[in-house]
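Remarks on the structure that follows.
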Amino acid sequence: MSMIFGVPVAVLSGQLLIGIINGAFYALLSLGLAVIFGLLKIINFAHGAMYMLGAMTTVLMFDYLGVNYWAALLLAPLLVGAFGVVIEYFLLRRIAGQDHIYSLLLTFGVALIITGVLVNWFGVSGLRYTMPDMFKGGVNLGFMFMPYYRAWVIVAALLVCFATWFMIEKTKLGAYLRAGTEDSQLMQGFGINVPLLISLTYGFGVALAAFAGVLAAPIYSVTPVMGSATLITVFAVVVIGGMGSIGGAIITGILMGVIEGLTKTFYPPASSAVVFLVMVLVLMFRPSGLFGKEA
Amino acid sequence: MSSNSDREYEQLRLSGLHAFYGESHILHGIDMVVNRGELVTLLGRNGAGRSTTLKAIMNMVGRRTGSIMINGEETMSCAPHHIARLGVGYCPEHRGIFSSLSVQENLTLPPVVRSGGMSLEEIYNMFPNLYERRSSQGTKLSGGEQQMLAMARILRTGANMLLLDEITEGLAPVIVEKLGEVLIALKNKGLTIVLVEQNFHFAAPLADRHYVVEHGQIVEEISANELSSKQSVLDRYLGV
């Protein structure tokens, strides 16, 4: 068997694949955070809970209503997005323009409440979600075995990331978002319904998290607490990429997943710390992040 | 309003307008009227409350009391985007060009609020520089070009009342001259214009009437034909 730096190629590429998949989740989640931060200027601590809600909704809709995976891929983000709009309208709007600490505490509180309620109902042991039949099995690429579902996760996440990037950078609606990020008051003075735009942006950002949750449901353990651990890493990813940069969030997400995967291959004990180590280095040498605009 | 048809149409009326930024009380009861098709200036020293008056009309300051009627409609409880949709185009003092948008994206950002606005083609004819640089980043333009862009942007929307804040500030004389020509063209098209201006020599030949603002109040109203007889009064207020 061929080796690279004393590691079998199959092991290395297997870890690389897991890294890319984790990176795809980081990219989707940090993209949503970046979109929300851009227009609302809040750090959404409820993001992990929204990711978890996406996965939980998928499982529960299947168990109780028989909603299949493909329908869930559309419905769960829509439902969680609508829930986000409600939260924006009734809670976040009331503290708009206040110090960051208020929105941070509020979204953290929302996350605790959602998580607490679901733990109360379902416990923390995890729910089962059966993978759709068409994704069972995989293909032997010669140097490694590629499960179909994992390939699909990468494709789906990249497609959604690209579509979001395209929408923000190349369309009229995206121009509203970019302009609103700079001066939302002036935008409103031009006749654009900025409060509505803000609600929809928050809804869209959390819908991205929910979409990641649906993708995660068949491969990760679905529990009410699954969001909190992921979110910490995602925040580190956002800090590394630079707050508010759309392309930066996507690239950094995937990059950090890969770095994590490689570390797991060569020095496993450091694998869960490596992202934070990179964060420390980035903060020391480039405090606004790899892709962030200098303040 | 039909009973008033023989009077001139009142497009804007401020009565007893007070405005506050947090604890500071900026406007102390502004009363003014602007009729359709008029070009009216707000003159005064820095900090007199002229820019705040425009922002208060747009509902872009903190707290306000009093009354603001636009086309005979009370707007004190309207959100800024509703005010814009009454046909009000606002050009802020800092110009408000978006750096993450190209020149053309900046130009087409404000939605059309009523029919009768200029087409993109007409705007590019009026400002050929903007056409040449349409794909540049908005803030890469020169100060003069940015000002043209800030003006052009609200002409596309069909707004029939423009609130222009210090549009000549810091610009070269040749650009100021061009802006003067643009204002005359807009006035000839029947647009109503409220101009906050520091450069009295720019404003004097264009305006129908002048309001002098001091300490958040209107202290003098001077029509264009009274200008020479009231020059000394004006000089005293403006300190020139």
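Do you know which residues across segment A:8-59 are crowded, with 20+ Cβ neighbours inside 10 Å, over 25 Å from A:ALA163 (Cβ atoms) and not polar (S, T, N, Q)?
Listed by number, the residues that qualify are A:LEU12, A:PHE45, A:VAL59.
Suppose we filter A:ALA111, A:ALA82 for residues that are in a helix (DSSP H, G or I) and surrounded by 14 or more Cβ atoms within 10 Å (Cβ to Cβ); which single one remains?
A:ALA111
Tell me whether segment B:80-99 contains one or more residues that are more than 14 Å from chain A (Cβ to nearest Cβ), assigned to a loop (DSSP other than H, G, I, E, B) and more than 27 Å from B:GLY170 (Cα to Cα).
Scanning segment B:80-99 turns up no residue that is more than 14 Å from chain A (Cβ to nearest Cβ), assigned to a loop (DSSP other than H, G, I, E, B) and more than 27 Å from B:GLY170 (Cα to Cα).
State all residues of segment B:40-59 that are out of contact with any Leu (no Cβ under 8 Å at 6 or more places or on another chain) and not basic (Lys, Arg); if no residue qualifies, say none. Step through it out loud before you land on a result.
In the first step, residues of segment B:40-59 are kept if they are out of contact with any Leu (no Cβ under 8 Å at 6 or more places or on another chain); the result is B:46-48, B:51, B:55, B:59.
Result: B:ASN46, B:GLY47, B:ALA48, B:SER51, B:ASN59.
Determine the pairs where a residue that is within 18 Å of B:MET32 (Cβ to Cβ), located within segment B:222-240, has a partner that is of a type in the set (Lys, Arg) with Cβ atoms under 6 Å apart, the partner being 6 or more residues away or on another chain.
Taking only residues 6 or more apart or on different chains, the pairs are B:ILE222/B:LYS230; B:SER223/B:ARG209.
Would you mention how many residues in segment B:89-114 are surrounded by fewer than 18 Cβ atoms within 10 Å (Cβ to Cβ) and among the hydrophobic types (A, V, I, L, M, F, W, C)?
Total satisfying the criteria: 1.
What pairs can you find where one residue is in segment A:134-153 and under 20 Å from A:VAL11 (Cβ atoms), the other is buried (at least 16 other Cβ atoms within 10 Å of the Cβ) and among the basic types (Lys, Arg), and their Cβ atoms are less than 8 Å apart, with a gap of 6+ or different chains?
From residues that are under 20 Å from A:VAL11 (Cβ atoms), the pairs are A:GLY138/A:ARG150.
A quick yes/no check of all residues on (1) more than 21 Å from the chain's Cα centre (by Cα); (2) within 14 Å of another protein chain (Cβ to nearest Cβ):
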{"site": "B:MET118", "(1), (2)": "no, no"}
{"site": "B:THR139", "(1), (2)": "yes, yes"}
{"site": "B:GLY143", "(1), (2)": "no, no"}
{"site": "B:GLN147", "(1), (2)": "no, no"}
{"site": "B:ALA152", "(1), (2)": "no, yes"}
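Can you name every residue in segment B:179-214 that is of a type outside the set (S, T, N, Q) and touching a Gly at 6+ places or on another chain (Cβ under 7 Å)?
B:GLY190, B:PHE202, B:LEU206, B:VAL212, B:VAL213, B:GLU214, listed by residue number.
Among B:VAL196, B:VAL174, B:VAL233, which is the only one that is under 16 Å from B:ARG50 (Cα atoms) and either under 13 Å from the mean Cα position of the chain (by Cα) or among the β-branched types (Val, Ile, Thr) (or both)?
Exactly one residue qualifies, and that residue is B:VAL196.
Please work out which one of (1) free of Cβ contacts under 8 Å to residues at least 60 places away in the same chain; (2) within 10 Å of chain A (Cβ to nearest Cβ) is the condition B:LEU107 fails and give its number.
Status for B:LEU107: all satisfied but (2).
Considering every residue within segment A:169-179, establish whether at least one is within 14 Å of chain B (Cβ to nearest Cβ), part of a loop (DSSP other than H, G, I, E, B) and surrounded by fewer than 15 Cβ atoms within 10 Å (Cβ to Cβ). Step through it out loud before you land on a result.
Here is the first cut: in segment A:169-179, the residues within 14 Å of chain B (Cβ to nearest Cβ) are A:169-179.
If we keep only those that are part of a loop (DSSP other than H, G, I, E, B) as well, we get A:171.
Still in the running and surrounded by fewer than 15 Cβ atoms within 10 Å (Cβ to Cβ): A:171.
Yes: segment A:169-179 contains one or more residues that are within 14 Å of chain B (Cβ to nearest Cβ), part of a loop (DSSP other than H, G, I, E, B) and surrounded by fewer than 15 Cβ atoms within 10 Å (Cβ to Cβ).
Does B:GLY117 meet the test of being buried (at least 16 other Cβ atoms within 10 Å of the Cβ) and touching a Ser or Thr at 6+ places or on another chain (Cβ under 7 Å)?
yes
Looking at the structure I just gave you, is B:VAL61 more than 15 Å from the chain's Cα centre (by Cα) and within 30 Å of B:GLY144 (Cβ to Cβ)?
Against the criterion (more than 15 Å from the chain's Cα centre (by Cα) and within 30 Å of B:GLY144 (Cβ to Cβ)), B:VAL61 qualifies.
In segment A:251-273, what residues are buried (at least 18 other Cβ atoms within 10 Å of the Cβ) and free of Cβ contacts under 8 Å to residues at least 40 places away in the same chain?
Passing the criteria: A:THR263, A:SER271.
Need the failing condition index for B:LEU86 against (1) out of contact with any Lys or Arg (no Cβ under 7 Å at 6 or more places or on another chain); (2) at pLDDT below 90, just the number.
In the conditions (1) out of contact with any Lys or Arg (no Cβ under 7 Å at 6 or more places or on another chain); (2) at pLDDT below 90, B:LEU86 misses (2) alone.
The values are calculated or read from the model by the stated rules, or taken from the named source; none is laboratory data. These numbers were taken from a predicted model, which means no experiment stands behind them. Virtual Cβ from ideal backbone geometry, glycine too; neighbours counted across all protein chains shown.
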